[in-house]
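In what follows, a single structure is set out as structure tokens and then discussed.
The values are calculated or read from the model by the stated rules, or taken from the named source; none is laboratory data. What you are looking at is a predicted structure, and each value in this text was computed from that prediction instead of being measured. Ideal geometry is used to build each Cβ from the backbone, glycine not excepted, and the neighbour counts take in all protein chains shown. What goes into the accessible areas is simple: the full protein's heavy atoms, side chains included, and nothing from ligands, DNA or RNA. Shrake-Rupley method; radii C 1.70, N 1.55, O 1.52, S 1.80 Å.
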Amino acid sequence: MPVIEAAEAAAVAAGVAREAFAYNRENYMFDAGLRWARFNTGYGFAIAQASQYREDISDLTEFVVTKADTYHTVGTICFVLNFQLIMAGRLGVHGPSPPGWLLGLYWTNICGALCFLVMFTWMAMHAGARATAGAAHMRTRSVRLPIPTPSMLDQARVTGNSFEKQRLQDMFRIPFVKPAGKETEVDPETGYQVPASDRRIPKWFNDEKLELRKDQGGATQDETSCPEHFELYRGLQEEWWAYDVYSRIGVTFFFSHWLTAASLYSMCHIFTELRCMWPAWTVVPCFVTAHYGILHLEISKCPRQGALNVPMERIVPFVPFLAVLGMNIDYSVLTPTPFLQGFIYFLSWVGYVIQFLWSLRLLQLASPQCSSQDAPDLPGQPWAPKEWPVPPAFERSVYVVAAPRTVDPTQPCILQEMKAARVQGDKIPQKKAKVCEASMLPWKLFRGACITVIGMWVLIMVGRAFEMVNGERFLLKQEGRVERWPSHMQPWMAPWTRKGSRNEMCHAGGCDRRLSESETELAMAAQKLVTALTPIAGALENSARLPSATPATSPKALAATEVSWPESFAPEYLASLDRGLAAIARKEHRMALVDLSSKVATSVTLEGLEALEEIIGAASSKVGLLLTLSSGSVAECSGTFAAGSWMCSYVAAPKLPTGVASATVARTATGGYRAACTFDGEDSVVLFELTPELSEWAPAGEIGLPSADIDVTLSLSNPEQLVITMGDGSMIKRDLTGKHQTKQMTDPTSSPSKFHGGCCMGGNKIAQLSSGMGMLPKLHLSHSH
């Protein structure tokens with residue numbers, strides 16, 4: 001019986017063992033399949049998460065690049081707009097230049113806009129290029145897909161005979177009778193396996209964790225953990241975030257200056273060319289409203305708490321209103337008075353002071369400032385770490401989005417968990433963004449632009465103060481031509497803030513407009529009109545063209561007279577003086593006094609004339625000699641001359657019109673002046689008069705010439721007698737009273753290469769100069785001499 005019982009017990013035990021072995025082996029093979037599936041699933045999740053991380057880098061980079069591209073597009077358009085106002089739409093071309101006080105405001109604003117335009121365009125270019133390079137660096141070196149190697153795949157796969165390597169207690173464990181062992185881990189101090197939890201698992205599961213889990217010594221995740229790619233990218237953003245920020249601020253500063261400049265340009269065009277008033281008042285509010293709205297949107301809060309914060313951004317948009325009021329008065333029909341001119345200057349100085357304070361405010365608004373703590377990271381809001389000194393005034397408008405410092409704990413980083421150390425002892429700390437001082441080179445460059453604009457306003461204010469003391473534009477030569485296309489076709493209206501008279505802008509047609517309603521001004525205008533039209537009427541009665549005037553007398557030949565000239569002397573003009581005949585050189589400030597009895601010429605230096613001015617005409621006067629200069633000025637040499645020099649001084653008279661080729665001036669009996677001028681490319685001699693009642697030369701008549709292609713020299717022997725000498729030797733003596741004949745005289749006995757000026761020596765006596773190649777100048781006289 002005992003043997004039978006023992007055999008039965010052995011059979012039962014063998015059956016139980018066989019079933020237990022089969023059960024545990026089936027569990028092992030099932031877990032082996034789960035091991036392979038878990039390996040592939042884990043790496044599949046890791047690859048998907050790594051792809052998401054790469055998209056994170058692309059999203060953060062494309063955000064910066066998209067902004068930079070937008071700034072480039074805006075900058076390209078604005079370059080065209082800016083240069084249109086500077087070049088194509090330049091003021092003073094089609095009409096008189098606007099007043100200097102307004103041009104100071106306009107040009108400083110438009111040039112300040114250009115400064116910030118170049119600055120923000122180049123900073124945006126740098127930010128976009130650097131962000132693209134940084135993203136490419138991270139995507140190709142740091143954030144890669146965790147693809148398992150073949151050896152890792154082999155290690156993850158198990159075979160059926162590996163069950164033989166398991167412990168006997170795991171092979172023959174009876175379910176529900178013998179529980180499985182607890183989950184263990186390696187004790188870092190002893191190196192032995194110790195229970196890790198109360199979880200009951202077979203040994204092969206612990207072996208699976210040890211074999212398949214990569215131990216790279218990484219830190220384990222906690223609530224403060226952040227994916228490494230965010231930390232690395234936030235450190236990389238140090239390279240370009242400042243360029244991104246200041247390119248955005250530069251856009252705001254550019255439009256602030258450009259909108260003011262565009263408003264000032266519009267009113268200049270409307271007043272000087274369109275000659276309207278109300279359109280200027282309708283245009284300005286559009287620019288002011290846009291300017292105010294942009295600044296209100298961009299500047300979100302005070303730049304520095306506790307500091308001096310004058311909100312100039314609420315004031316500077318209204319500067320064009322001051323300018324349009326000043327322009328309205330400057331171009332109005334009001335009588336120019338010192339009070340009105342002072343009021344205009346007062347308005348301009350208020351505008352200058354506001355613009356100067358605004359330039360200081362710009363420097364304050366753009367100043368960087370570090371925060372004491374991170375701002376809340378809210379959806380849809382820009383966020384930057386506290387280490388980035390973003391200007392507080394623009395922190396909500398620069399739209400900077402940095403890589404986050406923390407993430408939602410429910411979003412674990414599989415890559416970081418896979419690299420975490422199995423041993424909780426010595427472990428590598430989690431990678432963090434590099435700690436370094438923020439790169440503030442963009443701020444230094446931008447600060448230089450702000451300081452430059454401040455210096456521009458200081459300079460223009462100093463210049464304006466000088467102009468007000470010295471006189472508007474008196475350091476520059478002024479134009480004096482009466483007719484200049486298209487001003488003679490479209491007469492323009494000029495301001496009176498320079499000399500107190502609109503006639504000062506005659507060269508641009510300003511004197512063609514008579515804006516006065518008082519009877520006194522009307523009477524003065526009528527008197528000036530009568531004075532100007534009387535000589536013209538007389539000239540028209542006697543015909544404007546010389547060949548059809550009273551018949552000319554028979555030509556009389558002039559005899560060449562040998563004269564002993566000073567060495568290297570080339571005279572071109574003649575004038576009859578009481579002491580002899582004066583031959584004057586054009587480029588040298590020198591003349592030769594010819595003694596007609598001895599035929600000897602004495603050299604005399606003309607002192608007191610500007611070195612660069614040439615003499616273009618000469619005429620005798622009661623006190624000496626009147627010279628016409630290439631600048632349009634008139635000089636008079638009077639008194640006695642000794643030691644070979646004669647002192648000359650400029651006449652207190654306005655300059656002749658520009659473009660004069662030849663001219664002569666004589667003093668009239670009423671104390672005024674009469675001038676005869678020729679202009680390049682014109683076939684007539686234009687007469688001008690200047691009376692004590694007129695402040696500018698007024699047209700007085702016109703005398704026709706045979707052709708516009710011949711050289712002409714003029715000489716007024718007296719205010720009523722004009723001698724016209726032509727390059728072919730013919731001379732015309734014209735009585736300007738319109739009563740008498742003309743005479744034409746030539747010298748058939750000589751054939752010089754060129755004839756020069758001539759003059760009348762009283763009665764019918766004529767003198768003329770000529771020169772030839774390699775020949776001394778010749779003096780031709782009437783036969784009576």
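Here the Karplus relation 6.51 cos²θ - 1.76 cosθ + 1.60, evaluated at θ = phi - 60°, turns the backbone of segment 258-267 into coupling constants of 5, 5, 5, 5, 5, 5, 5, 4, 4, 5 Hz, with x for every Gly and Pro. Using the 1.4 Å probe convention, the accessible area of segment 271-358 works out to 49 Å² per residue with neighbouring protein chains retained. Look at the Cα gyration tensor of segment 279-327: its axes a ≥ b ≥ c give a/c of at least 1.5 with a/b at or below b/c, and that counts as oblate. Heavy-atom accessible surface of residue 397, to the nearest 10 Å², is about 10 Å², with a 1.4 Å probe and all protein chains retained. Under 5 Å between amide hydrogens, built in the peptide plane, is the criterion, and for residue 717 it picks out 723, 760 among residues at least 5 positions away or on other chains. Summed over the residues of segment 551-697 and divided among them, the accessible surface reaches 43 Å² per residue at a probe radius of 1.4 Å. Taking the protein heavy atoms of segment 1-85 in the context of the full set of protein chains, the accessible area attributed to carbon and sulfur is 68 percent at 1.4 Å. Could you tell me the calculated FRET efficiency between residue 651 and residue 735, based on Cβ-Cβ distance and R0 = 35 angstrom, to the nearest 0.05? Between residue 651 and residue 735 the formula returns 0.90. Largest accessible area first, the listed residues 231, 720, 5 line up as 5, 720, 231 when surface is computed with a 1.4 Å probe on the assembled protein chains.
With a Förster radius of 56 Å applied to the beta-carbon distance between residue 564 and residue 371, the computed FRET efficiency rounds to 0.05. Shape call for segment 1-47 from the C-alpha gyration tensor, a ≥ b ≥ c root eigenvalues: rounded (a/c under 1.5), prolate (a/b greater than b/c) or oblate? Taking the square roots of the gyration eigenvalues as a ≥ b ≥ c, segment 1-47 is prolate.
Ranked from the most accessible area to the least, with a 1.4 Å probe and all protein chains present, what is the order of 56, 330?
Reading off the accessible areas and sorting them downward yields 56, 330.
Residues whose amide H comes within less than 5 Å of that of residue 685, counting only those at least five positions distant or on another chain, are 703, 704, 705 (H built at 1.01 Å from N in the peptide plane). Here residue 168 sits with roughly 120 square angstrom of accessible surface, probe radius 1.4 Å. Thinking of segment 262-305 as a set of Cα atoms, what percent of all their pairs are more than 13 Å apart? Cα-Cα pairs in segment 262-305 separated by more than 13 Å: 60 percent. Ordered from highest to lowest accessible area with the whole protein assembly present and a 1.4 Å probe, 641, 30 read as 30, 641. Rolled with a 1.4 Å probe across the full set of protein chains, the surface gives residue 139 an accessible area near 70 Å².
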